[in-house]
1. Going by amide H atoms built from the backbone, whose H comes under 5 Å of the H on C:ASP127, apart from near neighbours?
2. Averaged across B:202-211, how many Cβ atoms of other chains sit within 10 Å of each residue's Cβ atom?
3. So how do D:LEU54, C:LEU93 line up by other beta-carbon neighbours within 10 Å, fewest first?
4. Below 8 Å, C-alpha to C-alpha, sequence gap of six or more: please give me the relative contact order for chain C in percent.
5. Summarise the partner chain shielding of B:3-16 as one whole number: the mean count of Cβ atoms from other chains within 10 Å of each residue's Cβ.
6. Pairing the Cα long axis of helix C:387-401 with the longest principal axis of chain C, what angle in degrees results, from 0 to 90 and rounded to the nearest 10?
7. Simple spin-label model, 7 Å along Cα-to-Cβ: C:TRP47 to D:LYS93 in nm?
8. Identify all lysines with a Cα-Cα distance to C:LYS295 below 17 Å; exclude those on the same chain that are fewer than 8 residues away in sequence.
Amino acid sequence: MTGLEAPLALFLLVNLLAALVRAARGPTAADRMLAALLFGSTGVGMLLLLAYAGGGAPLVDAALVLALLAAIAGVAFAQRAWHRDREGGDDA
Amino acid sequence: MNLLLDGLLVLALLWSAWRALASPDLARAVVLFIVFGLLMALAWARLNAPDIALAEAAIGAGLTGALLLDALGRLQPGTGAPAPESPAQPPANRAGRRWTGSVALVAGLLAAALAYALFQLPAPTVRLPEQVAANMAASGVDHPVTAVLLNFRGYDTLLEVAVLLIALIGLLTLGPAAGRPAAPGPANPLLKALARLLVPLMILSAGYLLWAGAHRPGGAFQAGALLAAAAVLLHLAQLLPAWASPGRLLRLGLAGGFLIFLGVAAALLAEGALLTYPPAQAGGLILLIEAGLTVSLGLILAGLFLLFAGAEERP
Amino acid sequence: MNGLLDPLPWLILLPLAWASLAFLLGPGRGGRLALAGLAGQLALALWLARRLIEGGPVSHAVGGWGAPLGIDLYADGLSAVMLLLTQAVALPLAFYARAYFAQGAGQFWPLAGFLLAAMNALFLAADLFNLYVTLELLGLAAVGLVALGGGAEPSRAALRYLVVSLAASGAYLLGVALIYGSYGTVAIAPLTPLIAAQAPLAVGLAAGLMLLGLVAKSALFPFHFWLPPAHGGAPAPVSALLSALVVKAAFYLILRLWLGPFAPLTADWGWLPALAGAGAILWGSWQALRTPRLKQLVAWSTVAQLGYLFLIFPLFGLKEPALQAGTLQAVAHGLAKAAMFAAAGILLKATGRDAVDGLAGVAGRLPLTLFAFGLAGVTLMGLPPSAGFLAKWLLIDAALEQGLWPLVAIVLAGGLLAAAYVFRVLRQAFLLAPEAQQFHPVPRRLEWAAFGLAAASVLLGLRGVELMALLGIGVAP
Amino acid sequence: MLEALSALLLLAGAGFYLAGTVGLLRFPDVYARLHALTKADNLGLGLTVLGLALQADSLAAALKLLLIWPLALAASATVSHAIARRAAGLGLKPWRPEEKRP
Amino acid sequence: MSAGLLYALAGVLLFALGLGGIVLLRHALRRILAFNVMGSGAFLVLVGLAQRDGGADPVPQAMVLTGIVVAVAATALALALLRRLPEDRP
């Protein structure tokens, strides 16, 4: 318990928000899909830090589940976007 | 420090919800809604509700996101035409704008009145957490949320599994999708490899969550949602075909958990009242019910995604 | 009291059991199972009524934990009457549905089974969050039934119904959240004294949100727009179930909350639902007169007749007569509307067209069906000796006692308008059939089911005394 | 001693997260941003996991933590591959130095 | 201003946002998103209010778990109905 976890969790949240604003506003559809990547890395990181900042061990399970499922949202989006692209058009 | 983290998280929640509902482009609305789900999972972690954080992560990121994206894929035909964007901006004509303004005003007033009322709340007279702690010994499990979910308010959970089953039956009533099926893209080899790596681990984690439910956050819902997410991943990797209307065995799997719960509830009537677990066998009975529920909930939640998904439309 | 012999839990477990078994048997199967189950439920409801008359209100602590921690089931006169209505309407409709869905009912039996289980659970529940779960179960089952017809229009009607129902449940849930935040419990029994003692602003807002959500679910006038397409577009047995029973569940809950925990908060707000009720009667009847389609006419008639139920709210100065009037109106409308939709379904099947002006010559071909439609019309109009007459009589009597003249005018106007749109159909039916019109054969069982329901709604007027005695149990004067 | 090492690792991890975010904000096109996000963020996660694993109260807890990292790596790899393939399908050309900065 | 109360306030705002969204938005998919936002708002109020003086209360947490599963069921049914509507006027 180094006392660093809570401030780092806050720092990660700031990172997450900055990246999300950029990804959400990104012109191309591919930019928007970057938001899905953030789940896996920043989301899991935050849950782990919160676990050790007093949230308790169960949050590690939540991080594990999120790490397992991060791929689904991203791939589901890519699968859907991929399907759209085969016919060429795009809303970029 | 804590207040700063919570404050920022609340702002992020409100921003992502607002952008999700007001964004002109449908695809961006769905992505931002999935981000809203992630932020909700973090909020539940901050509210030290790990069970809900687990459920939000498993159901929000895994299932609701995939369901919404699948629906989005069907709405935007792959014919290159941009999605039938119905811009969320208020309509141009004056009457429309007045209507939008008045609804927004009413919603704002409601929020203000509720916020004002929240600050005047007296301390609650009934303290249930103490009562839960007091009766924990007789509940047959050590984790308070699982005790409330399966024992003290087990009747709510019985009806709630019925709600999930009836949603699936409603899906079956509608039959194959009329919209364009989301034609799968070319098989992505990397995705198949990921699915083969992750799915066994997901099933193992689901078993762990089911077992952990008795003494720490976990339980049938989170485990079922994880199993369903595994099925969704297999379908996206084209290793698992879409389901047509279920045969006898699948129907038994779908309704099995509920029937076990119902049977135990009826049998326990002999103990004096509905769902009265004798303290000695309470733990064992709850584990039996949770195991049945995990399998059935996993199949039902997977069915909500896989039933008639991508089934070729035979006009 | 050994749990096995207690009718309360069985009234919920039995329909859940036969509904899930019907699902296991596969699409289209489960008709006989449903009939057996419903017969058992009717017997249980009668047994519960007898126990209530002997021993007063009955409660059942689920899990043996008791009110604030666990969930209680509670049955008093009001819930017993509504349970009797539900099973008494559902059983004949089950006969009707088995004959109506000749070519296979798809998922009708599991959906109907869960719907009835949700209704029984709602009438017996005594816990606000448990009521939220039963409302959701009821809503999703009803949406599944509305979409049973298949096709774009029923799906659109079902989706609009679902969105309204979910918005209403959301408002109800926020109310429950505020109440739990204020008092720390959601069980109705301990809440009533707590709210009477001290009700902060949040509880007032919670009561408003919950009642508003329930009003939207019961399709009262400003929120009625989803009902005609949903009930009008669904197959006949479904429309009968929805119009006769489902909207009554939301009304029952409003009554339960208005007279129970929220009594001190809603004391002087009775005029608002009455105003909306009057609007419903006038607007619903007016639309019923204008719509060309038969089932839309009957659906708009539901919107109108629901208005009557809400006229009793300003009369709660004298609780007993107002409650009797409202409940009897609910029972009479339930039976009559089920009969009317059943008869409309037969007429539609026979003539092949869902149009009022397509009914020419029906009187010659289907006398029993038309007689059933007429009898149901008698109850809706409130002509003696029907139960509808008794309900309207009690309502007028209570209104006169408290000097609320406009209510009397509205009741009479409603009766005349009801007569107008019922005779609109009867007039068409007695015209000579054009030669081109050929009638498809209709199984006799359908006609007898419709006639049975219509006759019950009329004969009930003669035997209202026992119903009133049952209703009085457990209702504080 | 362990405390200091753990703190150091956590800070390094935070540094890499920062690098990932700055990369996302500053890089000109999707492909570069993919590098930033996939590499930097995941390394940040790895260091954070190592830092926390040092503080874990039991070996099992530490191993569970260490299990999370490769999962996140696998997920990021697949998703970024899908995004890159998607971007290529969109006809997005990688950024060339001679082009004007967007 | 405890954390619970802060999240309860956020819940109230999310509820109002979702309710406004359900009434105003025309596209059915957006209305389904608005319903989920409204539901999350109500859940935050339920847990936030109950835990406004610190201390985790398992009863509302169990209720929210039930609510989340009900919300997923309703969303799945709504999306299935959405699939049946003609493409032009969702």
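Just so it is clear, none of the values below were taken in a lab; they were calculated from the coordinates. Predicted, not measured: the structure shown is a model, and the values here were computed from it. We place every Cβ from the backbone using ideal geometry, glycine too, and count neighbours over all the protein chains shown.
1. Distant-sequence amide H within range of C:ASP127: C:ILE188.
2. Per residue, the average neighbour count from other chains is 2.
3. Ascending number of Cβ neighbours within 10 Å: D:LEU54, C:LEU93.
4. Contact order relative to length: 16 percent.
5. 6
6. Approximately 50 degrees, to the nearest 10.
7. 8.3
8. Filter leaves C:LYS337, C:LYS349.
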